[in-house]
Amino acid sequence: MKVLIVGSGGREHALAWACARSERVREVLVAPGNAGTAAEARVRNVDIPITDIDALLQLARREAVALTIVGPEAPLVAGIVDAFQSAGLRCFGPGRLGARLEGSKAFAKVFLQRHGIPTAAFRRFTAGDYDGAWLRAQRAPIVVKASGLASGKGVIIAASAAEADTAVRAMFGGSFGAAGTEVVIEEFLAGEEVSFIVMADGEHVLPLAGSQDHKRLLDGDRGPNTGGMGAYSPAPVLTDALHARVMREIIAPTIAGLSAAGHPYTGFLYAGLMIGPDGAPKVLEFNCRLGDPEAQPLLARLRSDLTALCEAALTRRLDQVQADWDPRSALGVVLAVDGYPHAPRLGDPIEGLADAAQLPGKIFHAGTRRAGTRVLTSGGRVLCAVGLGSKVSDAQRQAYALAEPIRFPGLQCRHDIGHRAITRAGPALAHDDTAR
Ligand code: AMP
């Protein structure tokens, strides 16, 4: 069979690599892909942007693609799955209505509230009904979010009510474009974040292995928020008891609630959770896709055939399949360009890829493009070096050794990815995904 992956980041390189490993797969097309997918065996890039749904549909028809997997949120929110389904094509991801869980934070918060799913207390406003006096009476820190898609940048954690008020007014003033016409203002939650990612088929849920990422730019979880500077799986914070609680209190009511509302959810569902000091999980956000960089270590551990899992989901048979995971830990370190995240410097040559290819582990590309024989930086996050090891510290060592030969001007990476997992007792105490 032929598979089409929509997207061009690290997550999509990992998806393409995982599908190309399947014995059932003859070829993987990636639209538009990056320099990493271009170099992968049995993978071919096709130069179509992720938002050109008509052209993607024509490509899938012309190439007789049997399965399409959509990586990023924009085409999902725009309705790519609905378009493919109407054309009789199999496409893994939620439809436009399901994708509102990510596309509109206001929708997601109201949905969570209606279904009694734990999340931070909130209010939503448009410029017309904004109550600045209420906001100024709130206790800081206060979290201000642009409701629409803002490429992970629309969240401001304000240290004072005045700062929050300024952020809200900037959003109404267009600082995040249309994403900021509605804002969500919510209570600040303290605790530890964990990514809980499942596959859903509208009715059943297949939880993926636990994972955790590092959002801040600098060592010690300091500096500005980014798309993610590294991630690892499993996540020791996710114990068996917590796993069961998240399934019961968050995932099951979400899938049931969407189904009851008449738009059953099929696809990857990512719940960003805050685990409070009392151990209770609350939803920070939903994404309607695999996390990036979580996808890279997760898919490095997946032993099952990803295409078979997606097909089981598309035929409502997820209750009849299991995901088989490598029992080792996987850890990915993101290598980013100078100036990331605010003013990324692009277009520089990347050296050392051939040397890294000789080492154990796997380098997934994100913001890279080929120019003749060279590979150039073309996005803020450039590569993700993934190592495996029986302990998370071994996986960390392998990942950093793999990143060692890579050079480009102003390369930024964190040196402590996995520190929380390493200081904990270790993966032996984590929820054991290999047991399922
Ligand atoms: P989001 O895109 O909603 O996940 O927000 C991005 C990041 O902002 C999250 O990963 C958290 O680190 C932080 N964040 C979002 N909402 C809250 C909250 N209510 N309390 C504390 N931190 C938050």
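Below are the figures for this structure:
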| item | result |
| --- | --- |
| The chain, relative contact order [Cα under 8 Å, separation at least 6], % | 16 percent |
| Segment 197-347, accessible area per residue, ligands and nucleic acids excluded (1.4 Å, Å²) | 32 Å² |
| Top of Thr119, Thr37, Thr423 by mean-square fluctuation, Gaussian network on the chain, Cα under 10 Å | Thr423 |
| Electrostatic dipole magnitude of segment 73-120 [Cβ: Lys, Arg +1; Asp, Glu -1; Cα centre; debye, to 20] | 160 debye |
| In the chain, lysine pairs closer than 24 Å at Cα, eight or more apart or cross-chain | 18 |
| The chain - Rg over Rh from alpha carbon coordinates, Kirkwood radius | 0.94 |
| Simple spin-label estimate for His263 and Glu23 in nanometres, 7 Å along Cα-Cβ | 4.0 nm |
| Calculated from backbone phi, Karplus (6.51, -1.76, 1.60) coupling profile of segment 360-367 in Hz, x at Gly/Pro | x, x, 9, 9, 9, 8, 10, x |
| Highest-fluctuation residue, Ala74, Ala385, Ala256 considered, GNM on the chain with Cα pairs under 10 Å | Ala256 |
| Segment 294-345 shape via C-alpha gyration tensor axes, a/c threshold 1.5 | oblate |
| Convex hull (Cα only) mean projected area of segment 95-223, reported in nm² to one decimal | 9.4 nm² |
| Candidates Gln398, Gln113, Gln358: whichever shows maximal mean-square fluctuation once the chain is modelled as a Gaussian network with Cα springs under 10 Å | Gln358 |
| Fraction of accessible area attributable to carbon and sulfur, the chain (%, probe 1.4 Å) | 50 percent |
| Positive dipole terminus of the chain, leading residue within Pro253, Phe268, Ala354 (C-beta point charges) | Ala354 |
| Shape category assigned to segment 229-300 from the gyration tensor of Cα positions, a/c cut at 1.5 | oblate |
| Check: the chain dipole with +1 on Lys, Arg Cβ and -1 on Asp, Glu Cβ, in debye | 280 debye |
| Estimated dipole of segment 218-313 in Debye, rounded to 20 [Cβ of Lys and Arg +1, of Asp and Glu -1, Cα centre] | 120 debye |
| Alpha-carbon centroid distance for the pair segment 254-269 / segment 368-421, whole angstrom | 36 Å |
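The values are calculated or read from the model by the stated rules, or taken from the named source; none is laboratory data. These numbers come from a predicted model, not from an experiment. Glycine also receives a Cβ, built like all others from the backbone with ideal geometry; neighbour counts cover every protein chain displayed. These accessible areas exclude ligands, DNA and RNA; they are computed on the full protein's heavy atoms, side chains included. Shrake-Rupley method; radii C 1.70, N 1.55, O 1.52, S 1.80 Å.
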